[in-house]
Protein chains: 2
Amino acid sequence: MTQDAKPARPDPVADADDAARAQARALLQDARHAALAWTDPATQTPGISRIAFGLDQDGLPLTLISGLAPHLAALQAHPDCAVMLAADAEKGDPLTHPRLMLRARAEFASPQDRAALRAHWLKGHPKAALYIDFPDFAFVRLRPSSGLLNAGFARAFRLEPRDLS
Amino acid sequence: MTQDAKPARPDPVADADDAARAQARALLQDARHAALAWTDPATQTPGISRIAFGLDQDGLPLTLISGLAPHLAALQAHPDCAVMLAADAEKGDPLTHPRLMLRARAEFASPQDRAALRAHWLKGHPKAALYIDFPDFAFVRLRPSSGLLNAGFARAFRLEPRDLS
């Protein structure tokens, strides 16, 4: 458990294979919510939120954030973030269920972009019609720089952005 | 959505009432896993993991972490972290389901502490018997400094440590 002992250990994370890529893409396609880790600009320490999740027209992770949510200002100040996606409502031990962790960078959508994103988002999130036009809601892409698929106990794979779309 | 506009808005988060405290404590009691936001010591940017979750004998949040997990070294370098707990496997829209977010500080348990924590942990996590004695696993308390209960759309409450135990 010491830093010194680390180099002698086998790497517990394998390079992605086709099955890992397919599993990661399925999690991305199916997720309608996610957990987001962000940096609090007031304290420089981590915050965490549940977020709405979808993909944009090009398959990039996308969320829609209320201006009341603490992570909106946090992502404006510190765009680097991390996202966790998992399949919903499975039985058994959630620590053995597949989940995908992404390191990502938040990119706020431009006003010009908004109409197209709005129509696309509503296809996957019809209930968002209730608030999607509130002026303080923002579309934010979460562009991945890397991924880690945990496919169960002692089964982990690293993914590159090209593995994810 | 600008920083300037913020002071004019009503605070969307209310002080905790008895119902909010009871709901937060129920989430803490029932959770067997959680999402953890941490700071990557290599990049100073956020990481996120699914963790095992329980309470210690005094009701403090507790986790058991493998030495292979990236958040073990991260919490050693940066103990400040955030935890999100939610009820499992509910139907409907997860964005309207109750969840509890904690700002917390990681405290690694001492070797003297381990025997008592081990026996206590196994009561709530019997499957952990498979790996609890691996030498690279560490018990880590996640001592809350504050909490935010999101009890559904536009229902949020702030909690103090005394509200959580």
| query | Quick one: what Rg and Dmax do you get for the range B:10-98 from the alpha carbons, in Å? | reply | 15.1, 45
| task | Taking each label point as 7 Å beyond Cα in the direction of the beta carbon, state the distances from A:Gly92 to the same residue in the other copies, shortest first, in nm. | result | 2.8
| Along Cα→Cβ at 7 Å, what distances in nm separate the B:Ala129 label point from those on the other copies, shortest first? | 5.3
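Going from most exposed to least, what order do B:Ser145, B:Ser110 have by accessible area with a 1.4 Å probe?
Details: B:Ser145 75, B:Ser110 50 Å².
These residues rank, largest area first, as B:Ser145, B:Ser110.
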| request: Would you mind checking the radius of gyration and Dmax of chain A based on alpha-carbon positions, in Å? | output: 16.9, 55
| note | At the level of C-alpha centres, the distance separating the range B:12-38 and the range A:47-73, in angstrom, is 22
| task | Calculate how steeply helix A:18-30 sits against the longest principal axis of the alpha-carbon atoms of chain A, using the helix alpha-carbon long axis, and give the answer as 0 to 90 degrees to the nearest 10. | result | 30
| note | Charge dipole of the range B:10-111 built from unit charges on the beta carbon (Lys, Arg +1; Asp, Glu -1), centred at mean Cα; most positive-end Cα among B:Pro98, B:Ala19, B:Pro61 is B:Pro61
| note | From DSSP H assignment alone, runs of 4+ in the protein assembly as shown each adding -39500 (n - 2.57), the sum over residues rounded to the nearest 500 puts [θ] at 222 nm at -6500 deg cm²/dmol
| note | Taking the chain alone as reference and the full protein assembly as comparison, with a 1.4 Å probe on protein heavy atoms only, the residues of the range B:123-165 that lose at least 30 Å² of accessible area are B:Lys127, B:Tyr131, B:Asp136, B:Phe153
| remark: For the range B:86-119 the residues that are at least 40 Å² less accessible with all protein chains than alone, 1.4 Å probe, are B:Pro94, B:Leu95, B:Arg103
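Leaving out ligands, DNA and RNA, calculate the buried accessible area for the pair A and B with a 1.4 Å probe, summed over both sides, in Å² to the nearest 100.
On the way: alone 9950 and 9950 Å², together 15970 Å².
Interface between A and B: roughly 3900 Å².
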| Whole-angstrom Cα spans of the range A:90-163 along principal axes, big to small | 45, 29, 19
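Hey, what did chain B get for relative contact order, percent, Cα under 8 Å, at least 6 apart? List each step's numbers first, then the result.
On the way: 297 pairs, mean separation 45.3, N = 165.
Reported relative contact order: 27 percent.
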| Which distances, shortest first and in nm, link B:Arg32 to the matching position in the other copies, using label points set 7 Å out along Cα to C-beta? | 2.5
| task | State to the nearest 20 debye the size of the charge dipole of the range A:76-165 about its Cα centre, where the only charges are +1 on K and R beta carbons and -1 on D and E beta carbons. | result | 180
| query | Based on Cβ point charges of +1 for Lys and Arg and -1 for Asp and Glu, what charge dipole magnitude is obtained for chain A about its Cα centre, in debye rounded to the nearest 20? | reply | 160
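Calculate what fraction, in whole %, of the accessible area of the protein assembly as shown sits on carbon and sulfur atoms when a 1.4 Å probe is rolled over the protein chains. Kindly include the intermediate steps, with their values, before the conclusion.
Numbers: 8770 of 15970 Å².
In the protein assembly as shown, the share of accessible area belonging to carbon and sulfur is 55 percent.
Please state the charge dipole magnitude for the protein assembly as shown, taken about the Cα centre, from unit charges on C-beta atoms (+1 on K and R, -1 on D and E), reported in debye and rounded to the nearest 20. Walk me through the numbers before you get to the answer.
Working: 38 positive and 38 negative charges, 55 e Å.
I would put it at about 260 debye.
Can you run the Rg to Rh ratio on the protein assembly as shown? Use alpha carbon positions and the Kirkwood inverse-distance Rh.
The Rg/Rh ratio comes out at 0.95.
The values are calculated or read from the model by the stated rules, or taken from the named source; none is laboratory data. Note that the coordinates shown come from a computational prediction; the quantities given were computed from them, not determined experimentally. Please note: Cβ atoms are built from the backbone with ideal geometry, for glycine as well, and neighbour counts cover all protein chains shown. Heads up: the accessible areas ignore ligands, DNA and RNA and are worked out on the full protein's heavy atoms, side chains in. Shrake-Rupley method; radii C 1.70, N 1.55, O 1.52, S 1.80 Å.
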